[in-house]
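The values are calculated or read from the model by the stated rules, or taken from the named source; none is laboratory data. Since the model is a prediction, treat every value here as computed from it, not as a measurement. Please note: Cβ atoms are built from the backbone with ideal geometry, for glycine as well, and neighbour counts cover all protein chains shown. To get the accessible areas, we keep the full protein, side chains included, count just its heavy atoms, and leave off ligands, DNA and RNA. Shrake-Rupley method; radii C 1.70, N 1.55, O 1.52, S 1.80 Å.
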Amino acid sequence: MTNGFYDREVMTKLKDACFSARYLIKIYAASQEVQPEVLSTGLSQNINIQDLQWLIRQFEFQDMSRLPTIDVRSRLALAGAWSRYVPEVNAIYFAEDFVRETPKRELLTTVLREIINAVRQLER
């Protein structure tokens, strides 16, 4: 995330969500067993825990190089969408207004859902 054009608060909020997502993946990937009730702590209900467990298993050997980069774009640049995955550059872009208006817990959940979708697309 290097785009300095966007609001500092928005960039910090998204950066925090990305850090939390990577940390969650890394910590649970290193553990022997990932309990669903533990995973759901701190996340909104809008995530499929089985999908999250699948994502974590993809990184059990700590190779996080396949994780997409994440950055902010204007909603106009995303053709009105709140997020967009661009497989050619393995990047997820979030609309600036979406990041600004979304509560932190929901943003973390959304970042994780988008990462799950991106990694699944890379496997095809």
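Things to note:
- Restricting the stretch 30-43 to residues that are buried (at least 16 other Cβ atoms within 10 Å of the Cβ) and at pLDDT below 80, the residue that is nearest to Arg113 (Cα to Cα) is Leu39.
- One residue from Leu43, Leu52 being part of a helix (DSSP H, G or I), in contact (Cβ under 8 Å) with a residue 60 or more places away in the chain, closer than 21 Å to Ile25 by Cα and of a type in the set (A, V, I, L, M): Leu52
Condition check ((1) of a type in the set (S, T, N, Q); (2) not in a helix (DSSP H, G or I)) across all residues:
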site: Ile56; (1), (2): no, no
site: Glu60; (1), (2): no, yes
site: Asn117; (1), (2): yes, no
site: Gln121; (1), (2): yes, no
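- Residue match in the stretch 14-21 (condition: surrounded by fewer than 13 Cβ atoms within 10 Å (Cβ to Cβ), touching a residue at least 40 places away in the same chain (Cβ under 8 Å) and among the hydroxyl-bearing types (Ser, Thr, Tyr)): no
- Scanning the stretch 69-83 for residues that are buried (at least 17 other Cβ atoms within 10 Å of the Cβ) and small (Gly, Ala, Ser) yields one hit, Ser83.
- When residues of the stretch 84-101 are limited to those that are under 24 Å from Gln53 (Cβ atoms) and assigned to a loop (DSSP other than H, G, I, E, B), the one most open to solvent (accessible area, probe 1.4 Å): Pro87
- Options Arg66, Arg120, Arg57; residue that is within 24 Å of Ser31 (Cβ to Cβ), open to solvent by 60 Å² or more (accessible area, probe 1.4 Å), touching a Leu at 6+ places or on another chain (Cβ under 7 Å) and of a type in the set (D, E, K, R): Arg66
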